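Please read the structure below before turning to the comments.
Throughout, read-outs are computed from the coordinates displayed, never taken from laboratory work. In this text, all values refer to a predicted model and were calculated from it rather than measured experimentally. As a convention, Cβ positions derive from the backbone with ideal geometry for all residues, glycine included, and neighbour counts pool all protein chains shown.
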Ligand SMILES: [Zn+2]
């Protein structure tokens, strides 16, 4: 019974199968919806992601962003205003031909990202330096016609994210915004969700379509592959010129505005949380985003039932402000419930039976360590909260130690090849992340099926020696990895 219901593969032995089992068996999503690349999100996943949205939105608003909702459809003519952007996105957006039959004047696309929706309106809203800075974000779905294999929460034709689009009077302010966005990623994804990352400046050949520079957070998944997380883009004046976003400066002269955009994909960060914190039994939610933080399991024989249940309710009342669920379903055994809530990642389980009732105690099980202890119920609320926070801190520490063990240095291509077999990042000296380094990156891609992810922004690294590919003097240290 347990084998059929529970996770039957070990995470580090077959990550891909483990991940699929967790998504289905822990009831995060139902993949049987009959449109390829689209899935139905179930309550456990939605409740967790709503909390994730909350933390990101709170951080964005703390830093001066305000929320907006823009339409999901974008007219084709908007896309065509920025040359690189159209080249990057038109081939993969989902264009709704049905609209033509309804006699709309032009074709519309479901948004793959909202630059071209929002910037036509920004051009109407921004008149003078007094209107700047303008910092807006929306939490929404976007659609991309992915041709690569789709995976739940990792890559889909529909996904959930936040996009922030900011406008400034000066280049300097826009550059500061990009740094602020990276701090937001750190404050939420690493500090609260416990997912460590490296922050890269992407090479010239791997930028967001239309951007001057792209900066992206990369994480390492348990199978050693790299997964891109929030990226922030210095757009310069590329879009303001294309969309005619101008303002009168303090001297009354018209200038094009400077822009940035930032896209934390809640969906993908959720995938990272499943993958990195989970273990062979299933999910482990960090305390802060757990849909159920504490599950209380009553353990009784029929003659004690009322007494035990009464104590469970008393304990729940003491845990005000936390997400607590008393699992008093009669049709399942206590052992069955233990397995289910462990698989579903509940951080803390309280077991309450006659022994606990008689001694004024509760038995606490902590999901990450799998240990039980019996404690007095006197200060149960403070105690449970302390344990919850310790669990999050422990998940974060584990993730950091996994990541630091997945970075290796290599001095030549042979070493790069060997290091890539172990997964994670390979740190090398490289000629350049400007256009003149592109040929070397293409050689790595062709011979090793790996990507040059870019130059670290979160640390200052000086190259010593020569490019691992061409042998020219290295101008930069880059990280290579196999990506999703
Ligand atoms: Zn080179």
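Per-structure values
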{"quantity": "Spacing of the two label points (7 Å from each Cα toward its C-beta) at residue 334 and residue 457, in nm", "calculated": "5.3"}
{"quantity": "With Cα atoms, 0 to 90° folded angle of helix 438-448 axis to the chain main axis", "calculated": "40"}
{"quantity": "Alpha carbon centroid spacing (whole Å) that separates segment 62-76 from segment 1-61", "calculated": "27"}
{"quantity": "Rg and Dmax of segment 131-233, Cα atoms only, in Å", "calculated": "14.8, 47"}
{"quantity": "Segment 110-163 versus segment 260-305: alpha-carbon centroid distance in Å", "calculated": "28"}
{"quantity": "Nitroxide proxy distance, nm - points 7 Å out along Cα→Cβ at residue 359 and residue 414", "calculated": "6.3"}
{"quantity": "Likely footprinting exposure, 403, 12, 221, 189, fewest C-beta neighbours within 10 Å first", "calculated": "12, 403, 221, 189"}
{"quantity": "Zone residues, segment 142-166, relative to residue 20, backbone N less than 19 Å from point 7 Å out along Cα-to-Cβ", "calculated": "147-157"}
{"quantity": "Span per principal axis, largest first, for the Cα atoms of the chain (Å)", "calculated": "82, 56, 47"}
{"quantity": "Estimated FRET transfer efficiency when R0 is 60 angstrom, pair residue 124-residue 375 (beta carbons, to 0.05)", "calculated": "0.45"}
{"quantity": "Tilt relative to the chain, helix 305-318 - C-alpha long axis, 0 to 90 degrees, to 10", "calculated": "40"}
{"quantity": "Rounded Å value of the spacing that divides the Cα centres of segment 318-341 and segment 391-423", "calculated": "37"}
{"quantity": "Computed FRET value (nearest 0.05) for residue 255 with residue 76, which takes r as the C-beta separation and R₀ as 41 Å", "calculated": "0.90"}
{"quantity": "Using alpha-carbon coordinates, inclination of helix 15-25 to the longest axis of the chain, degrees", "calculated": "60"}
{"quantity": "Label point distance in nm, residue 171-residue 5, each placed 7 Å from Cα along Cα→Cβ", "calculated": "6.3"}
{"quantity": "Whether segment 409-483 is rounded, prolate or oblate, judged on the alpha carbon gyration tensor where a/c under 1.5 counts as rounded", "calculated": "rounded"}
{"quantity": "Contour minus Cα-Cα distance for residue 466 and residue 205 (0.36 nm per residue)", "calculated": "91.9 nm"}
{"quantity": "Alpha carbon convex hull of segment 14-75, projected area averaged over orientations, nm²", "calculated": "7.0"}
{"quantity": "Relative packing of peptides 107-118, 373-384, 259-270 - highest average C-beta neighbours within 10 Å first", "calculated": "259-270, 107-118, 373-384"}
{"quantity": "Sequence ranges 60-72, 360-372, ranked by mean other-Cβ count within 10 angstrom, highest first", "calculated": "360-372, 60-72"}
